[in-house]
Amino acid sequence: MMTVPPSSRRVLVTGGAGFIGSHLCEYLASSGHSVTVIDDLSTGSLANVKAARQAGGDIEFIHQRVSAAIPGLKPESFSAIYHLAAAVGVRLVLERTSEAIERNVLDTAAILRFARGASLPVFIASSSEVYGKGTKTPFSEDMDVAYGPTTALRWSYACSKAIDEYLALAHHRESGLPCVITRFFNTIGPRQTGRYGMVLPRFVRAALAGTPLEVHGDGQQSRCFCDVRDVVPAIALLMDRCASRGEVFNLGSDRPMSIMELAHTVIRELGSQSEVRLVPYSEAFGAGFEDLRVRQPDLTKARAAIGFNPTISMATSIASIASHFATASKEAVG
């Protein structure tokens, strides 16, 4: 059973206006923390910060890129750092590849140097993309990885997040920097946008509008979806556990679902009349795009460390996303 030790401290959250970041800020603030957020709003939104603030507590917002904001801050002002600022989504990475690489690597390097100066505990958000082509399933944290050629820019995101992990672990080995790394697997929930390719909010929005749900490829590729409200408490638990420092953890669900099954589940849960339309990868992402057939984590390590056991159902996640879209639409009209 997961329990979070009570504490009261000021923490720094980068990317706190984003999907996972804003839920983390809300969780930390409601737990009695004071939170400073850095976000340049390139993919996040002020609406997410507002929603997080509604949970109560002290949330300060700095509208800057991480590497620009850090020089104006003092490490001793914080007791921990949660670094979630990054380029997100396959579509964004393909459209603005150089920006995505620089953002992922340079901002992480700046945060780690900042944390090292005061030996601050630092959380690094990584991605299941690090596993590349996936040499075997389920994916375990210590398995070998394989990427495509550098001419296939689709793999640049995976490599940039792997560099982030190498940097954090190098700082840990060289100076004892207390870092914790998690690799997220298809986190879902309210406030997630489909703007950059995230599949579930795209499906929900289409189902609500009665338009076709566009499934890439043949739809038989499978993913494991985990609600952000299961993920966020696990992040806090891992950060509060000294034995987690210098370690990498998979975080997500290990129950696979095909994308075709996901599409039909959304239609059923929302009572939609939408149809499913297959879209070739070449049409969605350009010629030569590669996708994994199976992306499934091995959760043995997270279960042993903190008793991680996600419980929120897909039906609940779909309903929450639909409700969020409906609320956002009413607020926009009002």
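Laid out as a table, the results:
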| item | result |
| --- | --- |
| Matching residues in segment 240-255 - criterion: being under 15 Å from Tyr82 (Cα atoms) and basic (Lys, Arg) | Arg241, Arg245 |
| Candidates Gly44, Gly56, Gly16 - the one that is surrounded by fewer than 16 Cβ atoms within 10 Å (Cβ to Cβ) and either in a loop (DSSP other than H, G, I, E, B) or among the hydroxyl-bearing types (Ser, Thr, Tyr) (or both) | Gly56 |
| Segment 164-218, residues that are closer than 27 Å to Ala17 by Cα, of a type in the set (Ser, Thr, Tyr) and in contact with a helix residue (DSSP H, G or I) (Cβ under 8 Å, 6 or more places away or on another chain) | Thr182, Thr187, Thr193, Tyr196 |
| Failed condition for Arg173, given (1) of a type in the set (Lys, Arg); (2) over 24 Å from Arg96 (Cβ atoms); (3) surrounded by 22 or more Cβ atoms within 10 Å (Cβ to Cβ) | (3) |
| Of all residues making up segment 74-123, the number that are touching a Gly at 6+ places or on another chain (Cβ under 6 Å) and part of a helix (DSSP H, G or I) | 3 |
| Residue list for segment 320-334, restricted to those being aliphatic (A, V, I, L, M) and surrounded by 17 or more Cβ atoms within 10 Å (Cβ to Cβ) | Ile321, Ala322 |
| Candidate set from segment 139-158 (those that are polar (S, T, N, Q) and in contact (Cβ under 8 Å) with a residue 24 or more places away in the chain); member that is surrounded by the fewest Cβ atoms within 10 Å (Cβ to Cβ) | Ser140 |
| Scan of segment 141-158 for residues that are under 18 Å from the mean Cα position of the chain (by Cα) and modelled with pLDDT of 95 or more, ordered by number | Glu141 |
| Evaluation of Ala304 against (1) closer than 26 Å to Val11 by Cβ; (2) in contact (Cβ under 8 Å) with a residue 60 or more places away in the chain; (3) not in a loop (DSSP other than H, G, I, E, B); (4) not charged (D, E, K, R) (one fails), failing number | (2) |
| Conditions (1) surrounded by fewer than 17 Cβ atoms within 10 Å (Cβ to Cβ); (2) at pLDDT 95 or above; (3) not basic (Lys, Arg): number failed by Leu167 | (1) |
| Counted residues, segment 159-179 - those being of a type in the set (Gly, Ala, Ser) and either touching a residue at least 60 places away in the same chain (Cβ under 8 Å) or touching a strand residue (DSSP E or B) at 6+ places or on another chain (Cβ under 6 Å) (or both) | 2 |
| Every residue from segment 236-255 that is within 30 Å of Pro212 (Cβ to Cβ) and surrounded by fewer than 17 Cβ atoms within 10 Å (Cβ to Cβ) | Arg255 |
| Qualifying residue in segment 26-35 (condition: part of a helix (DSSP H, G or I), of a type in the set (Asp, Glu) and within 17 Å of the chain's Cα centre (by Cα)) | yes |
| Residues (among the basic types (Lys, Arg) and surrounded by fewer than 17 Cβ atoms within 10 Å (Cβ to Cβ)) located in segment 273-319 | Arg277, Arg293, Arg303 |
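The values are calculated or read from the model by the stated rules, or taken from the named source; none is laboratory data. These numbers were taken from a predicted model, which means no experiment stands behind them. Positions of Cβ are generated from backbone atoms using ideal geometry, with glycine treated the same way; all protein chains shown enter the neighbour counts.
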